[in-house]
Each structure stands twice: as C-alpha cells, then as structure tokens.
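*Asks:* Please find one structure pasted underneath; my questions will follow.
Each reported figure results from applying straightforward, stated rules to the coordinates on display, with no laboratory input. In this text the structure is predicted, and so the values were computed from the model without any measurement. Here Cβ is always computed from backbone atoms with ideal geometry, including for glycine, and neighbour counts include all displayed protein chains.
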Amino acid sequence: MKSIVPKAALPVLLLVLLAAPGCKKGGDAPHPSEPQGGKTAQEPYYYGLIEEYRSVLAGDPHNLAAIIGLGNAFYDAGQWKEAIRYYEQSILIDPSNADVVTDMATCYRNLGMPDRAIADYRKALLIEPTHQNALYNLGVVYGYDNNDYESAVRIWERLLVIAPKHPKADTIRAGIANFRRLLARKAR
C-alpha cells in the first residue's frame with residue numbers, strides 16, 4: 001500500500017534536516033518535493049528527489065537510506081528497471097529488508113515478470129511472514145496474472161486472518177468470492 005506521500009520523500013527530508021548545517025526542524029525552506037509559491041503541484045517532484053539522492057550517494061556511495069530512497073523515487077516515478085537496480089544494491093547491504101524486497105517484486109510484476117515477482121514476494125515473506133503488502137500483492141499476482149485462483153484465495157485468506165481490518169479488506173473479500181466462483185466453474 002503506497003501512502004499519499006511518496007515513500008522516497010521521507011528519507012530525503014530526514015537526510016536534508018540532518019545534513020544541513022544550522023537547519024532546524026520546521027525551518028522555512030520547503031522541501032523540493034513541495035509545491036512552490038502556493039501553487040498546487042500536479043504530481044510529486046520525483047526527479048528532484050532522484051537528483052538529491054544521487055548527490056548524497058556521490059559523497060557517500062554506501063549510504064543505505066539514500067540507496068533505498070533512490071530506488072523508491074524511481075519506483076514512485078514508474079521507472080521499474082532503475083528502481084530494481086537500486087533495490088538490488090540495497091539488498092546486498094541489508095538482505096533482511098522485507099519492504100525493499102516487496103517493492104522490487106512489484107517492479108518485476110509491473111515489467112510483466114510475474115514469476116520473478118512471486119519469487120521475490122516469497123523472499124519477503126521468509127524475512128517477515130506477516131508482511132501485509134507482500135501477501136496482498138502475492139495474491140494479486142497469483143489471481144490476476146497467473147490465474148492461480150487457489151493460491152490467491154489461500155494467500156488472501158491468510159492476510160485477512162493477520163489483518164481483518166486491512167484497508168483493502170472489502171476488495172480482498174470480493175476477489176476471494178470471485179476466484180471461488182471461477183474455481184467452481186472450472187470444477188464443472
């Protein structure tokens with residue numbers, strides 16, 4: 001589940017606040033992803049974030065927060081291959097980050113590689129067995145990409161046990177009901 005604030009913006013803000021000399025929390029200077037001059041932005045400023053992360057990495061190429069942030073900025077911009085590149089780099093440093101593995105899996109799904117996505121969602125679930133985004137997205141790939149309705153139902157039922165009030169619980173229940181109808185038709 002992506003939040004309204006791009007995930008890439010949060011670590012950049014933290015990095016800017018920590019790195020800027022004399023900068024204090026709540027300063028007057030707006031973050032580069034915020035609209036300037038009172039105008040409403042049409043879309044977040046991903047490319048500015050990308051340049052900020054690249055700048056941080058130029059000075060500190062092993063900065064894990066910046067590597068993940070850059071992957072997230074590319075993810076939020078829909079540049080799946082670039083996001084994967086940085087997610088893979090971050091996994092070399094910290095292979096136990098289920099969020100990164102899940103987002104990388106979603107990139108593979110968006111590139112039309114559902115089997116690779118499934119493998120990575122499973123990796124995320126080995127790291128964190130109750131990872132809700134991995135469970136939700138694994139059900140999506142099984143059900144909608146691979147037409148493996150039994151697996152989708154099993155995964156989503158597991159998710160609803162873990163998170164009965166999941167934000168997409170109604171959608172998940174409707175999907176389960178639909179997949180069960182499709183399975184019943186197949187059985188005839």
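*Asks:* Grab the beta carbon distance between residue 188 and residue 168, set R0 = 25 Å, and tell me the FRET efficiency rounded to 0.05. Could the numbers behind the result be given before it?
*Replies:* Details: r = 30 Å, r/R0 = 1.20.
Working from the Cβ atoms, E equals 0.25.
*Asks:* HN-Hα J couplings of the stretch 84-100 from phi, Karplus 6.51/-1.76/1.60, θ = phi - 60°, integer Hz, Gly and Pro as x?
*Replies:* So the J values, rounded to whole Hz, are 4, 4, 7, 5, 4, 4, 5, 5, 5, 7, 9, x, 9, 8, 5, 5, 5.
*Asks:* Could I have the simple spin-label model distance between residue 88 and residue 110, label points 7 Å from Cα toward Cβ, reported in nm to one decimal?
*Replies:* According to this spin-label approximation, the distance is 1.7 nm.
*Asks:* Using a ≥ b ≥ c from the Cα gyration tensor of the stretch 95-188 (square roots of the eigenvalues), is it rounded, prolate or oblate, where a/c under 1.5 gives rounded and otherwise the larger of a/b and b/c decides, a/b for prolate? Intermediate values should be presented prior to the final figure.
*Replies:* Values: a/c = 2.27, a/b = 1.41, b/c = 1.61.
Note, shape of the stretch 95-188 comes out oblate.
*Asks:* At 7 Å along Cα-to-Cβ for each site, give me the label-to-label distance between residue 157 and residue 55 in nm.
*Replies:* Each label point is offset 7 Å from its Cα along the Cβ direction, giving 5.3 nm.
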